[in-house]
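Q: Right, I'll just put the structure down here and ask away after.
The values are calculated or read from the model by the stated rules, or taken from the named source; none is laboratory data. Remember, predicted model here, so these are calculated numbers, not experimental data. Here the Cβ is made from the backbone with ideal geometry for all residues, glycine too, and neighbour counts use every protein chain on show.
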Amino acid sequence: MQNSAQPLDVNDRLLASLNPQQHEAVVTLDNALLVLSGAGTGKTKVLTTKIAYIIENGYAFPSQILAVTFSNRAAREMKERLLRLASGVGDVWLGTFHSICARILRSHSDLVGISGNFTIIDVDDQSKVVGQILKEINLDKKIANGVVSKISRWKDKGITSDDARVDASSLEGRIYKIYQERIASYDSVDFGDLLLYVAQIFRKHPEVLQKYRQKFRFILVDEYQDTNMSQYIWLRMLSPLGVGLCCVGDDDQAIYSWRGAEVGNILRFEKDFQNTRVIRLEKNYRSVGNILEAASSLIANNENRLGKTIWTDGEKGDKVLIRKAYNGFEEAKIVVARIDDLCRNGVPYGEMAVLVRAGFQTREFEERFLADGIPYRIIGGLKFYDRQEIKDIIAYLRLIYQPNDSLAFERIINVPRRGIGASAVAGFHAHARRNNVSLFQAAKEIAANGLLRPVLRSSLQDFVHLLESLRQSDVGPADLAKIILDKTGYLKQLTSEQTIEAQTRVENIRELLRALEDFDSLGEFIEHASLVVDANGSSPQDLVTIMTLHSAKGAEFEAVFLVGWEEGVFPHNLSLSEGNIEEERRLAYVGVTRAKKYALITYAVNRRIYNQWQTNLPSRFLAELSSRHTGSPLHPVKTPIKE
Ligand code: ATP
Ligand code: MG
């Protein structure tokens, strides 16, 4: 290893603020290194500093460093931090496993028979392709998402379609094979393929593998606990001996097993690489004492963990506040009152985050924030009214309310699929232009008089009839939506999918139904929804963040609001039935440990679902937080409770 003489002050500057264990982790370059430690102990800081240390001391060129982060956002943040520490960092290969593999694959795609201009398809496209295949073999498309999930889990494990572990006679096994051929013929790859193809290239073309092994002198991986088998195999290929490999992680923050992550990769590390050094960082720099202790007491309830010591010598700070709300409406008010309070005390909006367990929970906060003028952003997902299923249902409502709304018509004419394809829609357009009528009117006229295949005619007539009968009915907006969901089969299709994505969409739809209950007339609701969407447009810098606990990994804020801590919401229903309570607890641990100074946990005694009041028990996690570090002395919120 070259070791050119560098002026001392470079290292002084880089290393001065580190504690001895962090220091050791940064300067250990020859061994395979695993940094295993709790939240906020400086793992990410070690990685960033280490990259700067390598560059500034000339141990490698920036382009010889590969750094893997868990999201593109985390990569951007790391790059920003690096820019402050070292020069030439633009050439570091910094990104997610997926983005790095995409980059490698672009250079060698011919070796796996696809062009360098391949497109990367998302989960919706995957479902479309599987849907096509199912249709060709006369099976119902509605299982498409389930099949996609199964294929993705195989890919997470590094299992290709011709692997013996795929039962070739099973439906999924057969579709997997056809699916692969199909997307390859489109010059497309999905996310899982990015890793599999690169691994395949490495396996079949040792000279290519050799090139990357030589190139990447140092490989650094953040959030290692959430790598899946396919990523692990890929890493091992690139670094068989682990020299220059540094992985950092925390088994207590493993929260992606549902996407195939295997925390066992941490345990395997020491066995796989000879001369592994394991360094434990124990001092937490992020959170005040009370928050750290509360989080530690919570995670101590997990049996399945390696166990770590974690301490802080900083101030004790405020206790973790726990507040009971009468209902969701009041919960949002409590959070807003606290935000105002903190804001008056100098905490900027940008240092505050509302962390939810499931996407549907954002709506109540978004609406409260809009009403009270609190600027916010949503990270790792769409704002509530921008979500596909919400837009679909609202499009139906708009079309009922306003038959001339041709945009709404186009959105839902074939959603859920009813066999009215692009050429039929082109026909509606032509008719509409010729006769100067709306698309809906055109469709109606064509259904009555046009030359159509009988199946198409009947499907179109059903659609027109449904909309017209709903226009005449005098039920309220929520009931209208329920009828749409029922009569079009929209909800049934989703519930039959049995995937996490579909479950999320169903939750969002339920939340929409709940919101609709607040409106007496359709017009009022549509006005409201369009204003909410509009208000989301421009955004100043200083925004409160709303995000899911999953996407909050690695982040930190002065103040964190952990909402909806009720049995069934958090821990989530799904995890209760699947018995995966420990992963939920880790998620709670991730949540609490995002807070530097202030943490507020709220739960609502009542939630309204389908216009029925449901009484929820407080989350079991509340009782697991040590009472010495929690309290509830918040000012009462004086606003009247509406609903
Ligand atoms: P997580 O497990 O949540 O990803 P982490 O272990 O990666 O946390 P970091 O995000 O690197 O922790 O660090 C947490 C906070 O502590 C950051 O604000 C970081 O700047 C600060 N920090 C870490 N080490 C030190 C140190 N030696 N001196 C001062 N601040 C530090
Ligand atoms: Mg980190």
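Q: With (1) at pLDDT 95 or above; (2) hydrophobic (A, V, I, L, M, F, W, C); (3) surrounded by 19 or more Cβ atoms within 10 Å (Cβ to Cβ); (4) under 29 Å from residue 71 (Cα atoms) as the list, and residue 175 as the residue in question, which single condition is left unmet?
A: Condition (4) is where residue 175 drops out.
Q: Continuing with this model, one more query. Looking at the stretch 40-56, can you tell me whether even one residue there is more than 16 Å from ligand 1 (Cβ to nearest atom) and small (Gly, Ala, Ser)?
A: Among the residues of the stretch 40-56, not one is more than 16 Å from ligand 1 (Cβ to nearest atom) and small (Gly, Ala, Ser), which makes the answer no.
Q: Let me ask another. Answer yes if at least one residue in the stretch 266-279 is at pLDDT 90 or above, surrounded by 15 or more Cβ atoms within 10 Å (Cβ to Cβ), part of a loop (DSSP other than H, G, I, E, B) and within 14 Å of ligand 1 (Cβ to nearest atom), and no otherwise.
A: No.
Q: Right, here's the next one. So is residue 196 crowded, with 21+ Cβ neighbours inside 10 Å, in contact (Cβ under 8 Å) with a residue 24 or more places away in the chain, away from ligand 2 (no atom under 16 Å from the Cβ) and over 19 Å from residue 29 (Cβ atoms) or not?
A: yes
Q: Can I ask one more? Which residue, of 409, 440, 365, 384, is crowded, with 22+ Cβ neighbours inside 10 Å and modelled with pLDDT under 90?
A: Criteria check complete, one pass: 384.
Q: Follow-up question, since we're still on this one. Can you work out which of the residues in the stretch 527-554 that are small (Gly, Ala, Ser) and under 20 Å from residue 395 (Cα atoms) is modelled with the lowest pLDDT?
A: Going through the qualifying residues, I end up with 537.
Q: Sticking with this structure for a sec: Can you work out which of the residues in the stretch 461-496 that are of a type in the set (D, E, K, R) and either within 37 Å of the chain's Cα centre (by Cα) or surrounded by 17 or more Cβ atoms within 10 Å (Cβ to Cβ) (or both) is farthest from residue 412 (Cα to Cα)?
A: 479
Q: Also, I was wondering about something else. What number of residues within the stretch 541-575 satisfy the criterion of being within 16 Å of ligand 2 (Cβ to nearest atom), under 17 Å from the mean Cα position of the chain (by Cα), aliphatic (A, V, I, L, M) and not in a loop (DSSP other than H, G, I, E, B)?
A: The number of residues fulfilling the criteria is 2.
Q: Being in the same structural domain as residue 591 (by TED's automatic domain parsing), modelled with pLDDT of 90 or more and either part of a helix (DSSP H, G or I) or hydroxyl-bearing (Ser, Thr, Tyr) (or both): is that true of residue 445 here?
A: Details: in the same structural domain as residue 591 (by TED's automatic domain parsing): no; modelled with pLDDT of 90 or more: yes; either part of a helix (DSSP H, G or I) or hydroxyl-bearing (Ser, Thr, Tyr) (or both): yes.
In short, no.
Q: Still on this structure: Tell me, yes or no, whether the stretch 3-26 has at least one residue that is at pLDDT 90 or above, closer than 26 Å to residue 214 by Cβ and of a type in the set (Asp, Glu).
A: No: zero hits.
Q: As an exercise: evaluate residue 286 against (1) crowded, with 21+ Cβ neighbours inside 10 Å; (2) within 15 Å of ligand 2 (Cβ to nearest atom); (3) not in a helix (DSSP H, G or I) and give the number of the one condition it does not meet.
A: (1)
Q: Let me ask something else about it. Conditions: (1) in the same structural domain as residue 587 (by TED's automatic domain parsing); (2) at positive phi. Residue 299 meets all but one. Number of the miss?
A: Exception for residue 299: condition (2).
Q: Identify, from the list 115, 107, 87, 99, the residue that is away from ligand 1 (no atom under 13 Å from the Cβ), closer than 30 Å to residue 186 by Cβ and part of a loop (DSSP other than H, G, I, E, B).
A: Exactly one residue qualifies, and that residue is 115.
Q: Hey, does the stretch 8-30 have a residue that's within 16 Å of ligand 2 (Cβ to nearest atom), under 26 Å from the mean Cα position of the chain (by Cα) and without any contact (Cβ under 8 Å) to a residue 60 or more places away in the chain?
A: no
Q: Still on this structure, please answer the following. Quick check on residue 350: is it free of Cβ contacts under 8 Å to residues at least 24 places away in the same chain and surrounded by fewer than 18 Cβ atoms within 10 Å (Cβ to Cβ)?
A: Answer is no for this residue.
Q: Something else: For the stretch 223-245, state whether one or more residues are over 29 Å from residue 119 (Cβ atoms) and within 16 Å of ligand 1 (Cβ to nearest atom).
A: Yes, that holds for at least one residue.
Q: Another one. Go through the stretch 218-265 and give me each residue that's polar (S, T, N, Q), more than 15 Å from ligand 2 (Cβ to nearest atom) and part of a helix (DSSP H, G or I).
A: Matches in the stretch 218-265: 230, 231, 257, 265.
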